[in-house]
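Worksheet for the structure shown next.
We did not get these values from a lab; they are worked out from the coordinates using the rules stated. Remember, predicted model here, so these are calculated numbers, not experimental data. Note: ideal-geometry Cβ built from the backbone for every residue, glycine included; neighbour counts use all protein chains shown.
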Amino acid sequence: MSTLDTPPETPAAAGAGAAPARRGRRLPVGELVVTTVLGGLGVFALVEAHTIAVPASSNAVGPRAFPYAVGAILVLSAVALLVAQLRGDRGEVEGGEDVDTSGGADWVAVAKLTGAFAALVVLVEPLGWPIAASLMFGGTAWALGARPWWRALLVAAVLNTVVHIVFTQVLGVYLPAGPLEGVVGFG
């Protein structure tokens, strides 16, 4: 390994017990946004959990227990994260070996993925789960570079047909079948 290939020494590389490097006193805006969203989700979960109707026949642990627990964990995590950030702890800068940190986002792939998920939302009721989810899966695989595209679509069709049959026939969960309603296993 030449001197050009040698990464700069960090405190973590210097010794296993070394403290993480503190990078300046500037507040990390991106990390604070994540903390704020995390805390907001926790508060939302706590407020909305209070609106859940509790039947008179419920035991000591009713339907509000899990949402309250999740909300409390989210709020506590956000507070702990905020304290750590204000004390100077920062997230590690991306240094992955196979990640091009100088490259930008692939907005075309993001648009394709967004379109695939939006298509599922719009098409699941008229076309049914097997067809709409297959289009979403195939579109997602195409957006991420699957070649040939028809193989991803074929795998998606088989997988989503099995999922539909298992959910509707075995688990008793309704999934719309669309034009396949009435075909064996669909409906």
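Points to keep in mind about this one:
- A Förster distance of 30 Å, applied to the separation of the beta-carbon atoms of Phe44 and Val158, puts the FRET efficiency at 0.20.
- Given their separation in residues at 0.36 nm each and the Cα-Cα distance between them, Asn59 and Asp106 gain 11.8 nm when the chain is fully extended.
- From phi via Karplus (6.51, -1.76, 1.60), per-residue ³J(HN,Hα) for the range 130-147 in Hz, x at Gly/Pro: x, 6, 5, 5, 5, 5, 5, 4, x, x, 5, 5, 4, 5, 8, x, 5, 9
- For the range 54-157: rounded, prolate or oblate by the Cα gyration tensor [a/c cutoff 1.5]: oblate
- Rounded if a/c under 1.5, otherwise prolate or oblate - the range 107-180, Cα gyration tensor axes: prolate
- Backbone HN-Hα couplings from phi across the range 52-57 [Karplus 6.51/-1.76/1.60, Hz, Gly and Pro as x]: 5, 6, 9, x, 4, 8
- Full-stretch length increase - Phe117, Leu144 - with 0.36 nm per residue and alpha-carbon distance subtracted: 8.4 nm
- What the Cβ-Cβ distance of Val79 and Ile52 gives, at R0 = 25 Å and to the nearest 0.05, is a FRET efficiency of 0.55.
- Long-range amide H partners of Ala177 with built H, under 5 Å: Trp129
- 3J(HN,Hα) along the range 102-108, derived from phi through the Karplus expression 6.51 cos²θ - 1.76 cosθ + 1.60 where θ = phi - 60°, amounts to 8, x, x, 6, 8, 5, 5 Hz, with x in place of Gly and Pro.
- The calculated FRET efficiency for the pair Glu125 and Val37, based on their C-beta separation and a Förster distance of 30 Å, comes to about 0.50.
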